[in-house]
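Comments concern the structure below.
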Amino acid sequence: MRADAQRNREQILRAAREIFVDQGPDAPLDEIARRAGVGIATLYRRFPERDDLIQAVALDVFTALIAAAHGALAEEPDPAVGLRRFMHAALDLKVGSVMPSLMGRVDVDSMVDAARGDAVEPVQEMLTRAQRDGLIREDVVFGDIALVLTRLSRPLPGARIPFDGDLAHRHLDVYIDGLRAPGAERPRDPLPGPAITGEEFKRLRERLAKGPGPAADPDADHDPSAGPAAGPTHA
């Protein structure tokens, strides 16, 4: 496959994953093409039927999830660092929200069963090693990792928040800090993503109350690229 064709395919799958989470598998294909930055004809050349695109999104998510798990295990000598790396990668993939959104259109259970060993075993190995080394609490189980990724990968209800993904990564790091074993102090980087001030949280509540709708200007409430907002974050 030519480099430009591969790039278009990846952009279409990424856009479809995000839009399926928001709108379900019957979302308009022209909206997916527009977000991917390609023409609708390009989308249809790659995926002649809607179900072709849905199947490709599901397979792409699982393939990337397995690669992220094995990459973290193989490349990070510190199992706690590897676990954190995998969890942030899995959150980016939105696996905990995209697969439920496709239920009824793909055989999700069969795909999960087929990928279970490849995806779960390296994560379980990192968790076991981190617990053995006294880095992660002994009572943490794989389900604690899987469930929090599902919770954080789902968008907030109501109108879409433009920096929802940045907030999810911030909150994931807070959660990961809570997995540490007592006394396992490690250097901590600043929390990623925007810190929400009380005034910003008030505006977010007002937006959520409006119900589903398109994402607003990402700069309207807070600019994540500017770093965490100063001061305490009391609502």
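Go through Arg45, Arg105 for me and flag whichever is on the phi < 0 side of the Ramachandran plot and free of Cβ contacts under 8 Å to residues at least 24 places away in the same chain. Reasoning before the result, please.
On the way: Arg105 fails: free of Cβ contacts under 8 Å to residues at least 24 places away in the same chain.
Criteria check complete, one pass: Arg45.
Conditions tested, residue by residue: (1) crowded, with 20+ Cβ neighbours inside 10 Å; (2) part of a helix (DSSP H, G or I); (3) modelled with pLDDT of 95 or more.
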residue	(1), (2), (3)
Arg35	no, yes, yes
Thr42	no, yes, yes
Ala68	yes, yes, yes
Ala89	no, yes, yes
Ser101	yes, yes, no
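For region 136-146, which residues satisfy the criterion of being surrounded by fewer than 19 Cβ atoms within 10 Å (Cβ to Cβ) and in contact (Cβ under 8 Å) with a residue 40 or more places away in the chain?
Of everything in region 136-146, those that are surrounded by fewer than 19 Cβ atoms within 10 Å (Cβ to Cβ) and in contact (Cβ under 8 Å) with a residue 40 or more places away in the chain turn out to be Arg137, Glu138, Ala146.
Only one entry of Val140, Val120, Val174 meets the criterion of being modelled with pLDDT of 90 or more, in a loop (DSSP other than H, G, I, E, B) and either over 23 Å from Phe62 (Cα atoms) or of a type outside the set (S, T, N, Q) (or both), and that entry is Val140. Answer yes or no as to whether Ala114 is among the hydrophobic types (A, V, I, L, M, F, W, C), over 25 Å from Val21 (Cβ atoms) and either modelled with pLDDT of 95 or more or more than 17 Å from the chain's Cα centre (by Cα) (or both). Taking the combined requirement at face value, the residue does not satisfy it.
Condition check for Ala27 on (1) of a type in the set (A, V, I, L, M); (2) part of a helix (DSSP H, G or I); (3) under 21 Å from Pro100 (Cα atoms): one failure, at (2).
The values are calculated or read from the model by the stated rules, or taken from the named source; none is laboratory data. The model shown is predicted, which means the values in this text are computed figures rather than measured ones. Don't worry about glycine lacking a Cβ; one is built from the backbone with ideal geometry, like all the others, and counts go over all protein chains shown.
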